[in-house]
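The values are calculated or read from the model by the stated rules, or taken from the named source; none is laboratory data. Please read all numbers here as calculations on a predicted model, not as lab measurements. Here the Cβ is made from the backbone with ideal geometry for all residues, glycine too, and neighbour counts use every protein chain on show.
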Amino acid sequence: MINHIFKKTAKENRAALVVFISCGDPDIGFTEKLVRRVCDAGADMVELGVPFSDPMADGKSIQAASRRAAGTSVRDVLEMSARLRKAGVSNPFILFSYMNPLFKFGLEKLAAESSLSGIDAWLVVDVPMEESDEILIHTRPRGIDFIPLGAPTSSLDRIEKISECGSGFLYYVTVMGVTGVRNALPTEFVERIAEVRKASVLPVAAGFGISNPQMASLAARHADAVVVGSKIVDMAHDVLLSEGEAAALDKVGEFVGSLASAMKR
Amino acid sequence: MIMKTQRTEKGRFGEYGGMYVAETLMTALLELEDAYTKAIADESFRAEYMQILRDYVGRPSALYHAKRLSEYCGGAQIWLKREDLNHTGAHKINNTVGQALIAKRMGKHRLIAETGAGMHGVATATVAALFGMSCDVFMGSEDIRRQSQNAARMKMLGANLVSVEIPGGGATLKDAMNEALRNWAATVDDTFYVIGTAAGPHPYPTMVKEFQSVIGREAKNQLAERTGKLPSQVVACVGGGSNAIGIFAPFIDDKSVALYGAEAAGEGIHTGRHCASLNAGSVGVLHGNKTYLLQDSEGQISNTHSVSAGLDYPGVGPEHAYLHDTGRAVYVPVDDAQAVEAFRALCKYEGIIPALESSHAIALAMQNARSLSKDEIILVSLSGRGDKDMDSVVEYLNRGEK
């Protein structure tokens with residue numbers, strides 16, 4: 001369960017920073033080091049993305065990352081999570097994927113193994129409220145949070161219902177469309193996120209497109225948590241290619257540090 | 001433990017179907033479900049739809065007794081439901097007319113579609129022109145190559161053809177559908193997604209079946225008028241399965257009628273280069289619905305192969321998954337070689353050039369006919385015409401000669 005994070009961040013008068021990592025890009029060994037680094041650098045929670053061959057809700061960055069990570073399995077990610085727990089990393093981990101790899105693994109088995117491997121929550125991109133019972137019957141008894149998603153197209157009534165079906169936080173998709181680096185938050189963001197927070201019974205994380213400390217700082221002033229994904233995926237990949245592993249970890253660590261500083265209200 | 005949400009039973013066929021999409025699309029799907037339900041209950045909507053099918057599409061389509069082909073096979077009488085004679089050359093237009101009329105009622109002015117062989121893309125571009133709507137069609141780069149005539153037709157009809165690329169090339173229908181869904185998520189306010197097959201999230205499988213069931217209703221009446229009989233078998237090709245579910249629909253409750261779907265076995269199921277999801281797949285979730293998929297042990301979707309672009313898809317409509325499980329319909333793999341042989345047989349004996357997709361159904365009907373008596377009837381959905389496939393067939397035959 002991850003709600004304790006929000007008690008801590010409320011006390012510290014800041015938003016929580018959630019970092020998305022594409023697991024297995026380019027291999028699980030690098031991912032393990034990357035997760036440790038982003039946690040050390042100030043990420044409060046980490047979304048561990050399990051690659052899927054057909055990432056319908058993702059833009060170019062995560063599509064490319066998923067291709068580079070092809071061959072990485074749910075099992076690989078669970079084992080990595082267990083190793084990180086053994087090594088003392090305590091930040092909440094959110095298993096993040098599309099339904100099919102999880103369904104194929106077996107939802108009941110996955111819930112059991114998630115608990116054993118130190119996974120705190122699941123986020124399943126293509127499972128809306130209407131299909132969530134199939135997951136909740138396995139996650140709830142084990143105390144695994146199911147992170148529901150809200151979107152610009154969701155009515156506030158619907159946001160309330162969505163938030164009631166999940167736990168942990170509500171991931172609010174700030175823009176129409178797919179994941180990917182964007183230069184600014186939508187103009188209606190401040191007003192909308194306030195309404196969404198009022199409607200939601202859960203803390204609200206803002207995600208999709210947030211790619212620099214300025215945007216993160218704006219989001220942090222109005223949301224309970226801020227999610228950064230594509231930018232970090234791109235940065236890790238680019239620097240790894242051009243300057244190697246140590247530089248990639250340093251650059252991402254530095255960037256996550258700047259995002260963490262931007263969480264203060 | 002109290003579950004606060006209700007799993008939707010609408011749009012479920014046994015365990016299959018459902019609405020597995022990103023939240024961004026949910027409101028649009030629920031609005032579509034509402035608009036569709038109201039439209040279909042509205043007499044004026046049905047009248048307008050049927051009038052367009054009559055005056056513009058050219059329905060009812062002919063039912064043709066293929067005597068020479070039947071004689072050649074030496075068994076049951078093969079009757080062809082001639083969807084190839086529809087305007088635009090396939091069954092796809094039955095569905096695009098219906099969906100475009102719903103788009104109009106919903107006040108959406110832009111249509112998007114995915115397409116494999118291009119027939120659904122052409123049919124969507126056609127209705128966009130008919131109703132004065134803008135249209136973007138997503139098509140895999142591999143399919144644009146092998147169906148270049150259809151690509152040209154869509155452009156001529158005023159559609160914007162978006163070539164979907166994947167690194168290494170070879171993008172097909174699955175990739176086109178991914179990209180269409182991504183585009184829809186960004187444009188859902190003013191855009192209607194015209195799905196071409198009886199798959200995807202609810203309400204599409206139900207809606208597409210409704211609009212395609214005109215095939216089966218007409219054929220059933222025509223056959224009764226001409227022969228006074230029900231067919232022993234109904235045979236159709238199954239990719240996503242829209243023409244199949246359309247011709248099966250009015251026969252599902254007639255227990256004496258056997259239903260057969262021809263799945264594309266490509267180079268043979270044992271080669272792994274095929275798209276027979278019911279025969280060789282397992283249950284999973286893709287493109288909004290739970291159904292049989294070609295996938296690996298980790299739930300990653302497999303690459304597929306078929307000589308026919310329209311069947312080259314790793315999934316199948318959820319109602320077919322249900323009919324398969326219950327045994328009400330039987331799905332038989334038909335490989336590239338059998339399909340091309342049937343393609344040539346129909347040309348030779350009947351002077352009809354069938355689509356390569358439909359050729360899979362012809363092949364299965366020819367095979368089944370041999371084990372039935374001469375007074376039995378096999379009704380076949382000839383879902384499209386084969387002009388678009390001349391290059392593919394020639395390429396296939398040349399490869400065989402080398």
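Scanning segment B:156-179 for residues that are away from every other protein chain (no Cβ under 11 Å), surrounded by 17 or more Cβ atoms within 10 Å (Cβ to Cβ) and touching a residue at least 40 places away in the same chain (Cβ under 8 Å) yields a total of 4. Note on segment A:232-249: residues that are surrounded by 15 or more Cβ atoms within 10 Å (Cβ to Cβ) and farther than 17 Å from A:Met45 by Cβ amount to 8. Regarding B:Val283, is this residue among the β-branched types (Val, Ile, Thr), in contact (Cβ under 8 Å) with a residue 12 or more places away in the chain and outside any loop (DSSP other than H, G, I, E, B)? Judged against the criteria, B:Val283 is a match.
From B:Arg182, B:Arg153, B:Arg146, which residue is surrounded by 21 or more Cβ atoms within 10 Å (Cβ to Cβ), more than 18 Å from the chain's Cα centre (by Cα) and within 13 Å of chain A (Cβ to nearest Cβ)?
B:Arg182
Considering only segment A:42-58, I want to know if a residue exists there that is in contact with a helix residue (DSSP H, G or I) (Cβ under 9 Å, 6 or more places away or on another chain), part of a helix (DSSP H, G or I) and over 23 Å from A:Val178 (Cα atoms). No.
Have a look at A:Gly29, A:Gly71 and point out the one that is in a loop (DSSP other than H, G, I, E, B) and either within 14 Å of chain B (Cβ to nearest Cβ) or at negative phi (or both). Steps first, answer last, please.
On the way: A:Gly29 fails: in a loop (DSSP other than H, G, I, E, B).
Unique residue meeting the criteria: A:Gly71.
On the given criteria, is B:His91 touching a helix residue (DSSP H, G or I) at 6+ places or on another chain (Cβ under 9 Å) and under 27 Å from B:Asp143 (Cα atoms)? It is true that B:His91 is touching a helix residue (DSSP H, G or I) at 6+ places or on another chain (Cβ under 9 Å) and under 27 Å from B:Asp143 (Cα atoms).
Hey, among B:Ile247, B:Ile195, which residue is in contact with a Ser or Thr (Cβ under 7 Å, 6 or more places away or on another chain) and closer than 22 Å to B:Tyr331 by Cβ? Break it down into steps so the answer makes sense when it comes.
On the way: B:Ile195 fails: in contact with a Ser or Thr (Cβ under 7 Å, 6 or more places away or on another chain).
From the options B:Ile247, B:Ile195, the qualifying one is B:Ile247.
Whether a residue is in a helix (DSSP H, G or I), within 23 Å of A:Leu202 (Cα to Cα) and of a type outside the set (Asp, Glu) was assessed, and A:Lys8 passes this test.
I need the full set of residues from segment B:28-44 which are in contact (Cβ under 8 Å) with a residue 40 or more places away in the chain and either within 14 Å of chain A (Cβ to nearest Cβ) or crowded, with 18+ Cβ neighbours inside 10 Å (or both), in order please. B:Ala28, B:Leu29, B:Glu31, B:Leu32, B:Glu33, B:Ala35, B:Tyr36, B:Ala39 - these are the residues of segment B:28-44 that are in contact (Cβ under 8 Å) with a residue 40 or more places away in the chain and either within 14 Å of chain A (Cβ to nearest Cβ) or crowded, with 18+ Cβ neighbours inside 10 Å (or both).
When segment A:3-30 is examined, which residues are found to be among the β-branched types (Val, Ile, Thr) and within 21 Å of A:Tyr171 (Cβ to Cβ)? Don't jump to the end; show me each part of the working.
So the first thing to find is which residues in segment A:3-30 are among the β-branched types (Val, Ile, Thr), and the list is A:5, A:9, A:18-19, A:21, A:28.
Across segment A:3-30, the qualifying residues are A:Ile5, A:Thr9, A:Val18, A:Val19, A:Ile21.
Meeting the requirement of 3 or more residues that are more than 25 Å from B:Thr191 (Cβ to Cβ), the helices (runs of 4 or more DSSP H) wholly within segment B:57-168 are B:67-73, B:141-146. Among the residues of segment B:9-24, are any at pLDDT 95 or above, within 30 Å of B:His287 (Cα to Cα), in contact with a Lys or Arg (Cβ under 9 Å, 6 or more places away or on another chain) and more than 14 Å from every other protein chain (Cβ to nearest Cβ)? No, every residue in segment B:9-24 fails to be at pLDDT 95 or above, within 30 Å of B:His287 (Cα to Cα), in contact with a Lys or Arg (Cβ under 9 Å, 6 or more places away or on another chain) and more than 14 Å from every other protein chain (Cβ to nearest Cβ).
Put simply, of B:Asp55, B:Asp136 the only residue that is among the acidic types (Asp, Glu) and in contact (Cβ under 8 Å) with a residue 12 or more places away in the chain is B:Asp136. In this structure, is B:Lys81 touching a His at 6+ places or on another chain (Cβ under 6 Å), of a type in the set (Lys, Arg), within 26 Å of B:Met119 (Cβ to Cβ) and away from chain A (no Cβ under 14 Å)? No; evaluated as a whole, the condition is false for this residue.
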